[in-house]
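A.B. asks: The structure that follows is given in the form of structure tokens.
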Ligand SMILES: Nc1ncnc2c1ncn2[C@@H]1O[C@H](COP(=O)(O)OP(=O)(O)OP(=O)(O)O)[C@@H](O)[C@H]1O
Ligand SMILES: [Mg+2]
């Protein structure tokens, strides 16, 4: 005979709900602090003992709870925040279920002390006994949670060490403090204060607060931006890709002030960073997305960590495009994209003289025949045809006495670094890394535009390969064409390179072919290759870059500096390493203990 159906006792109902809402001490803190925020608090104090298991106390200066409502606050499905389905569909508060306090109270010893403005004193409600008594407390609310899971030993067993549990609490409080710069937060563990943040009114104060919560290094490396379109706003800080981390531990994303860990969001951010991050590295960011609450459903996950966007595609694209743009603009400060004519013109030092004949810059293995086009691959403007021939003077005359952002080259150090002087002081450039990025961006632009220009070799280069590689090359004739290369099979195990991309005309054809072949082998059939074409282009860009120990003339160095200034994402090479750095006069003075 089947068991009869009965209603569950309310304590058990709450304990079941607590199974979803209260996973560990940190989840209690999250719920209590969110309640304080919903109450309009400007100051929130969190006090914890023994990793939260012994005591968690959250005090705020919010609007408090009316005496008669105190018992309701602890009963299930009682809330002051939502009254109708319409409310539920446009939630602006953190809470809406009326579930947190009763759930927590069912697995701990909880008391609630609260005072509303205008009332003579506070009231204290003891959840276990139901006793309600006058108490001393300023306007606002304090919730005390003692002996978490004392009556649910099975759950208690899942708790980790005091240190681990407190670590989670600290993380939660930090995340909430990041979300609400206008609120002061304090956190103490076992009587020791961990941090106290003051309200931050302007951006400078917010960045000081960020430094306190996430470390100085983050703020130093972070780019601030704000962008609004189509009713969506994204603002916040992203760390330059060079500040990437080995773990995804500095990723803070808020949707209408609520911290979320959302797949769609994470994916959009990752994609925006794809081009500028080492494989396996994680970006660092604090980002705030604001949109009409109607367009986002927060009622999809028990801990509200996930959300559902009504127009997921739109939100994804907005996040991706915005960040992509922010990262693309990461180049020397105030770098106005130079008119193509400026870069095509001889460098300022030789403005009136004809450009000197310059040696080839690529791998420098063989001398380049004189009729190979522009003297320097990197001096060629990205789109030479765009230069208007009819406007000679006004647009094309470079400003002589204005120092460009990266300044002018002074010297080359050990064939690796370029030293340049700009307005702020000294600029150091890793010439290989910088050139690699420039070549890569140029390849991408060419491929998306008119296609990668190919340059026939005067003497084809024959390369011995394995039969498998020969077949691969044959099967990928189209891919090679797309890459600006022409590779023919000459025999069972022989290939001939007949043309190279014009940008790589000085590259070592044999090594380039071998590298591209190994990429092709890795990416398998040709459709995958097209998806991975940027990675192949990155491989090729590496071949085009100036090697260490190549002597550059001053003009070549200046040309490289100008190219960095107008190339997107030029702050990092294709692997996410920095390409240049600035040492200001102040920093140099400090090295020499010079007072200024
Ligand atoms: N710190 C506080 N200050 C003022 N009122 C509070 C505070 N904490 C709780 N309350 C009141 O108690 C009610 C119940 O809180 P509880 O957290 O259980 O539910 P909720 O916040 O409405 O929804 P959710 O379960 O989604 O958190 C709230 O709706 C609010 O009216
Ligand atoms: Mg709540």
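A.B. asks: Mind listing whichever residues of region 12-40 are near ligand 1 (Cβ under 10 Å from one of its atoms) and either in a helix (DSSP H, G or I) or in contact with a helix residue (DSSP H, G or I) (Cβ under 9 Å, 6 or more places away or on another chain) (or both)?
C.D. replies: So the first thing to find is which residues in region 12-40 are near ligand 1 (Cβ under 10 Å from one of its atoms), and the list is 17, 21, 30-40.
Selection gives 17, 21, 30, 31, 32, 33, 34, 35, 36, 37, 38.
A.B. asks: What about residue 264, is it touching a residue at least 24 places away in the same chain (Cβ under 8 Å), in contact with a strand residue (DSSP E or B) (Cβ under 8 Å, 6 or more places away or on another chain) and in a strand (DSSP E or B)?
C.D. replies: no
A.B. asks: Among the listed residues 487, 516, which satisfies the condition of being at negative phi, modelled with pLDDT of 85 or more, in contact with a helix residue (DSSP H, G or I) (Cβ under 7 Å, 6 or more places away or on another chain) and not in a helix (DSSP H, G or I)? Reasoning before the result, please.
C.D. replies: Details: 516 fails: not in a helix (DSSP H, G or I).
Sole residue among the options that is at negative phi, modelled with pLDDT of 85 or more, in contact with a helix residue (DSSP H, G or I) (Cβ under 7 Å, 6 or more places away or on another chain) and not in a helix (DSSP H, G or I): 487.
A.B. asks: Got at least one residue in region 96-104 being more than 39 Å from the chain's Cα centre (by Cα) and either in a loop (DSSP other than H, G, I, E, B) or within 16 Å of ligand 2 (Cβ to nearest atom) (or both)? Spell out how you get there, then give the answer.
C.D. replies: Keep residues of region 96-104 that are more than 39 Å from the chain's Cα centre (by Cα), which gives none.
Within region 96-104 (the criterion being more than 39 Å from the chain's Cα centre (by Cα) and either in a loop (DSSP other than H, G, I, E, B) or within 16 Å of ligand 2 (Cβ to nearest atom) (or both)), the answer is no, since none of the residues qualifies.
A.B. asks: Something else about it: So which of 184, 211, 204, 177 ends up being without any contact (Cβ under 8 Å) to a residue 12 or more places away in the chain and surrounded by 14 or more Cβ atoms within 10 Å (Cβ to Cβ)?
C.D. replies: Working: 184 fails: without any contact (Cβ under 8 Å) to a residue 12 or more places away in the chain; 204 fails: surrounded by 14 or more Cβ atoms within 10 Å (Cβ to Cβ); 177 fails: without any contact (Cβ under 8 Å) to a residue 12 or more places away in the chain.
The conditions single out 211.
A.B. asks: Note down all Cβ pairs under 9 Å where the first residue falls in region 107-129 and is without any contact (Cβ under 8 Å) to a residue 12 or more places away in the chain and at positive phi, the second is surrounded by fewer than 21 Cβ atoms within 10 Å (Cβ to Cβ) and assigned to a loop (DSSP other than H, G, I, E, B), and they're at least six residues apart or on different chains.
C.D. replies: 118/139
A.B. asks: Also: Within region 6-43, how many residues are modelled with pLDDT under 95 and either touching a strand residue (DSSP E or B) at 6+ places or on another chain (Cβ under 8 Å) or more than 15 Å from ligand 2 (Cβ to nearest atom) (or both)?
C.D. replies: Of the residues in region 6-43, 13 are modelled with pLDDT under 95 and either touching a strand residue (DSSP E or B) at 6+ places or on another chain (Cβ under 8 Å) or more than 15 Å from ligand 2 (Cβ to nearest atom) (or both).
A.B. asks: Okay, moving on. Could you say whether any residue in region 401-411 is out of contact with any strand residue (DSSP E or B) (no Cβ under 9 Å at 6 or more places or on another chain) and under 20 Å from residue 553 (Cβ atoms)?
C.D. replies: Looking for residues that are out of contact with any strand residue (DSSP E or B) (no Cβ under 9 Å at 6 or more places or on another chain) and under 20 Å from residue 553 (Cβ atoms), one finds at least one in region 401-411, hence yes.
A.B. asks: A further question follows. Would you confirm whether any residue within region 75-93 is over 33 Å from the mean Cα position of the chain (by Cα), farther than 24 Å from residue 158 by Cβ, within 13 Å of ligand 2 (Cβ to nearest atom) and touching a residue at least 40 places away in the same chain (Cβ under 8 Å)?
C.D. replies: Yes.
A.B. asks: Sticking with this one: Among the residues of region 44-64, are any near ligand 1 (Cβ under 9 Å from one of its atoms), over 21 Å from residue 152 (Cβ atoms) and free of Cβ contacts under 8 Å to residues at least 24 places away in the same chain?
C.D. replies: no
A.B. asks: Could you list all residues from region 108-140 that are touching a helix residue (DSSP H, G or I) at 6+ places or on another chain (Cβ under 7 Å) and part of a strand (DSSP E or B)?
C.D. replies: Listed by number, the residues that qualify are 110, 112, 114, 123, 125, 132.
The values are calculated or read from the model by the stated rules, or taken from the named source; none is laboratory data. Fair warning: this is a prediction, and the values are worked out from it, not measured in the lab. When we count neighbours, we look across all protein chains shown, and the Cβ atoms used for this are built from the backbone with ideal geometry, even at glycine.
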